[in-house]
Amino acid sequence: MKKMIIFFFALVLAFTAFCPASAQTELEETDVDVHSDGDQQYYDNLNQCFALLDLYKDDLDSFSSGEVSTLTQKWKDTRNNLRWDSAISCGYIMSVIEPDELKNYESELVYGSYYQMAAIELYILSINNNNDPTLYNLYQQMAAAAQNNYSIIPK
């Protein structure tokens, strides 16, 4: 009976010693796969962040011109979708570590994304406040600062 207990104890000990080692190997392999996909995801979000105003241009122009009222559900949906897309793509750029080839552009990435989010919000506020010229001017300044930072980043 003692031999059987010692055998099971040794078996459990061997099993617990082997499993963490194999788990570490699998984790390292997973990290490599995620990293390569992560770089592509980073670039996709970077391009998406700085293309949002172009993607929503037709809708935003119809609201700023007064063609479509800001009291409609369409405005609420467009505004919420734009804010959501901005938070997802620009927020991603600000919150994750950039790929190795962009390490020297960390400030441009973070500030450019932040300025882009601010520009989007200021444009929404300008439209929502009957095309307030002060807010629109601030939007233009933020959009220019965002594009200035974006133009420095190699693509």
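Every number here is computed from the coordinates shown, using simple stated rules; none is lab data. Predicted model, so just to flag it, every value in this text is computed and none were measured. FYI the Cβ positions are ideal-geometry reconstructions off the backbone, even for glycines, and counts take in every protein chain you see.
Residue separation of I97 and S62 scaled by 0.36 nm, minus their Cα-Cα distance, works out to 8.9 nm of gained length. Straightening the chain between L125 and D37 buys 28.1 nm, computed as 0.36 nm per residue apart minus the Cα-Cα spacing. Counting other Cβ atoms within 10 Å as a rough exposure proxy, the listed residues W75, W84 run W84, W75 from fewest neighbours to most. Using the Cβ-Cβ distance between D132 and Y105 with R0 = 41 Å, the FRET efficiency computed as 1/(1 + (r/R0)^6) comes to roughly 0.75. Each label was represented as a point 7 Å from its Cα along the Cα-to-Cβ direction; for T72 and A87 these points are 2.5 nm apart. Convex hull volume of the C-alpha atoms in the range 39-152, normalised per residue: 85 Å³.
Loop-located GluC sites (Glu not before Pro) in the range 52-118 (DSSP state not H, G, I, E or B) with no more than 12 neighbouring Cβ atoms inside 10 Å: E67.
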